[in-house]
Amino acid sequence: MHKVYSIKKKRYSKKYFVNFVDFTHDSLELGLDVIMKFSITKDTEIDDDILQEAISEQSIKDTKLAAFNYVSYKPRSEYEVREKLRTKDYSQENIDLAILFLYEFKLLDDEQFAQNFIEVNLRNKPSGKYKLLHELSKRGIDESLINNSILEYYPEDNALELALLAAKKHLKKISYKPKEKQKKLVTDFLSRRGFDWDTINKATDKLL
C-alpha cells in the first residue's frame, strides 16, 4: 500500500503532483479527473493495482491530448501522427488508442489529407505530379491512395500552365543571372518541382 503524503497543483499546468509517504514512487502527475475517479486524497492508502490503473489512464489521456494538439495546427496523415507520438516515447498501445480516438472524432482521414495536400500545393506552390507523389509518400500515404488522388485531383491537362507559373516566379529571382544560365537554372528548378521533361522543355521554350 502507498499512502498519499500531499497533492499539489503543478504550476502552469492542469495537473497535480501526487506524493507518497514511502517514496517508493516518484511524484505522479495526474489530472484532476483521474484523481477524482480513483478517489485519491491526502492520507489515502492506495494499493499497487489501483495505482497502476491511475497511471495507465493518465498515460492514455496524455497520448490522446498530444495527438489532438498535433492535428489541431494543420491536417496530418496517420503516419505523421504516429511518428510524432513515438518521438514523445508514448507506448505503441497508447498510440493505437490515440489514433482510434482521432478517427472516431473525424480528426484523421488520409484520403481527405491527400486531396487537401494536392489542392493547397497547386494553389500555393505549383508542382508536377512527381513532386506530389514523393511528398505524399514521405507522409506515409498508401501508394494506391496516392495514385488515385493524383488521378482525381491533379489537373494533368494544365501541367504546362502550372510549370509556366512556377517558372515565371523563379525567373524573377534569377533575373540578374546571364541569359545563357537562366534556362539551365529554370530547368533544374522545374525538375525539382516534379514536372516531367516534356513539360519542362515546353515551358522553357516558351519563356527563354
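The values are calculated or read from the model by the stated rules, or taken from the named source; none is laboratory data. Just so it is clear, the structure is predicted and the values come from calculations on it, not from any experiment. Heads up, the Cβs are rebuilt from the backbone with ideal geometry, glycines too, and the neighbour counts pull from every protein chain shown.
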Quiz item: Looking at residue 199, is it of a type in the set (Ser, Thr, Tyr) and in contact with a Leu (Cβ under 8 Å, 6 or more places away or on another chain)?
Solution: yes
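Look through the stretch 1-38, keep the residues that are β-branched (Val, Ile, Thr) and part of a strand (DSSP E or B), and return whichever of them is farthest from residue 52 (Cα to Cα).
7
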Practice problem: Could you tell me whether the stretch 124-134 includes any residue that is surrounded by 17 or more Cβ atoms within 10 Å (Cβ to Cβ) and among the aromatic types (Phe, Trp, Tyr)? | Solution: no
Self-check item: Count of residues meeting criterion [of a type in the set (Asp, Glu) and either within 21 Å of residue 105 (Cα to Cα) or touching a helix residue (DSSP H, G or I) at 6+ places or on another chain (Cβ under 8 Å) (or both)] in the stretch 34-73
Solution: 2
Quiz item: When both residues are 6+ apart or on different chains and their Cβ atoms are under 7 Å apart, which pairs have a first residue that lies in the stretch 151-164 and is under 21 Å from residue 186 (Cα atoms) and modelled with pLDDT of 95 or more, and a second that is surrounded by 13 or more Cβ atoms within 10 Å (Cβ to Cβ) and charged (D, E, K, R)?
Solution: 160/202
Quiz item: Looking at residue 144, is it among the hydroxyl-bearing types (Ser, Thr, Tyr) and outside the structural domain of residue 195 (by TED's automatic domain parsing)?
Solution: yes
Quiz item: Going through the stretch 172-208 one residue at a time, which ones are among the charged types (D, E, K, R), at pLDDT 95 or above, part of a helix (DSSP H, G or I) and touching a helix residue (DSSP H, G or I) at 6+ places or on another chain (Cβ under 6 Å)?
Solution: 202
Exercise. Would you please name the residue that is surrounded by the most Cβ atoms within 10 Å (Cβ to Cβ), looking only at residues in the stretch 96-123 that are in contact with a Leu (Cβ under 8 Å, 6 or more places away or on another chain) and within 26 Å of residue 191 (Cβ to Cβ)?
Key: 114
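For the stretch 23-63, name all the residues that are of a type in the set (D, E, K, R) and out of contact with any strand residue (DSSP E or B) (no Cβ under 7 Å at 6 or more places or on another chain). If you could, list the steps in order and put the result at the bottom.
Let us first name the residues in the stretch 23-63 that are of a type in the set (D, E, K, R), namely 26, 29, 33, 37, 42-43, 45, 47-49, 53, 57, 61-62.
The answer is 26, 33, 37, 47, 48, 49, 53, 57, 62.
Does residue 179 satisfy the criteria of being surrounded by fewer than 13 Cβ atoms within 10 Å (Cβ to Cβ) and not β-branched (Val, Ile, Thr)? Write out each step before concluding.
On the way: surrounded by fewer than 13 Cβ atoms within 10 Å (Cβ to Cβ): yes; not β-branched (Val, Ile, Thr): yes.
Yes: the conditions hold for residue 179.
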